[in-house]
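To keep things clear, I will list the structure first and then write my remarks on it.
Derivation of every value follows stated rules applied to the coordinates shown; laboratory data play no part. Just so it is clear, the model here is predicted, and its values are computed rather than measured. Neighbour counts run over all protein chains shown; Cβ positions are idealised from the backbone, glycine included.
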Amino acid sequence: MGMDDRPATDPDGSDPPVSRAYAWVAFALIIGLMVSDYLSRQVINAVFPFLKAEWQLSDTHLGSLASVVALVVGVMTFPVSLAADRWGRVRSATAMALVWGLATIACGLAGSFTAMFLARVIVGLGEAGYGSAGGAILTHVFPRRLHATVIGAFIAAALFGSVLGVALGGVIAQSLGWRMAFVVIGGAGLVLAVVFPLVVEEPSSRATAGALRMPLREVIGALFRVPTVNFTYVGSGLQMFVQGTIIAWAPSYLNRYYGMDPAAAAVGAGALMLVAGVGMTAGGFVVDRLSAKRPSNRLRLPALYALVSGGGLFVAFFTPPGAAQFALIALGVTVGAGFAGPAGAVVADLTDSALRATVLATLTLANNLIGLAPGPLVTGMLADAAGLDVAMRVVPAASILAAAIFFYAARRYDQS
């Protein structure tokens, strides 16, 4: 491994100086906010059928309500996360949670597509830097040997939040109306936002002091100096294209092709995301175990995950709807999700520890601009033109390309 690809060290060269009990309490609260984040983001997918019927929306309109959050997150995550590195990650995370909670409630009060769209923009603004700020806090309270595992579990919380957002949102919408789905989920997020800063402390100033002194030009250079990191950004974004599309359109797919009512479709889609979250956590754990002696396995294994996922999903969406197809979709999203923790660990550990929120924000930027933002919208446009079943057959191609890029990035590990 060459000089540029040598992992950055913790500020004191040792494990983080916090107690194990505090680390796991902080982990639980950080995970809780991540779940709230994605509850607010994904509840929209559960109410697609209600909005389509009440406001006569096209699939492109519906897709835009999902994509706009990812787009705003992608655009704003870098400046918000850089501010978090300088202002304080815990303070920043608290402010973000308050914003997305209030904006989610505003979605429930919207009287038109335009009002809903604007509220969703604010949801995205609130969520813009949380993934990077929360991930950065975790990398400072856990040792490097656990980074792929804890980051994988942290990002898996996004899928668990998506499960709850889709499943719980569908159930609430079916029984109490779609507006109450937003109000309940937004209100729960506000409660957690108030508790969070009372328990979780800011990382030590020694760990983040470099970010306060570093000019923006040096920050940009540090984020893109290492080729392995750059390829990881792209591969992660492509694989997230697939994950984001499945999350957004699974309820509608089950509604249209399995004949499920909206509540049942939401629960079925939630089951897919639940097993994907398990796969994300397990994928990070396996990578941590198998990369201790061979660091390139941090990218070689994600490449294998993406390849298996893409192949499985190709076969799935050419298989008639039924138990076999559903099992193949579950396999594809479960294995495919394993890339997230290792990708976060690679970019965090190969860059300056003072910029961890910012580098994780750059990864989030790639995930959103390459994956989560275009995925649901492009799929919606293809669905309007040729049908949702045809659109879903195209999506897995992104996994195959992601696998190739991860394999190439792993060779950079070996050859540099």
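Between residue 386 and residue 60, the modelled label-to-label distance comes to 1.7 nm, taking each label 7 Å out from Cα in the direction of the beta carbon.
Taking other residues whose beta carbon is less than 14 angstrom from the beta carbon of residue 162, and scoring Lys, Arg as +1 and Asp, Glu as -1, yields -1. Name the residues of segment 151-167 whose amide N is less than 14 Å from a point 7 angstrom out from the Cα of residue 271 along the C-beta direction? Taking a point 7 Å out along Cα→Cβ of residue 271, the residues of segment 151-167 whose backbone N falls under 14 Å are 167.
When the chain is treated as a Gaussian network with alpha carbon springs shorter than 10 Å, the biggest mean-square fluctuation among 350, 164, 365 belongs to 350. Counting beta carbons within 10 Å around each of 249, 24, 178 and listing the fewest first gives the order 24, 178, 249. The angle separating the long axis of helix 297-317 from the principal Cα axis of greatest extent in the chain is about 10 degrees. Angle of helix 20-46 to the longest C-alpha principal axis of the chain, folded into 0 to 90 degrees and rounded to 10: 30°. With both labels modelled 7 Å from their Cα along Cα-to-Cβ, the residue 225 to residue 117 distance reads 4.3 nm. Just so you know, the Cα atoms of segment 255-405 work out to an Rg and Dmax of 16.8, 51 Å.
Placing a label point 7 Å from the Cα of residue 258 along the Cα-to-Cβ direction, the residues of segment 316-332 whose backbone N falls under 11 Å from that point are 321-330. Axis of helix 147-176 versus longest Cα principal axis of the chain: the two differ by about 20°, to the nearest ten degrees.
Two decimals is fine: what's Rg over Rh for the chain, C-alpha atoms, Kirkwood radius as Rh? That ratio is 0.96, to two decimals.
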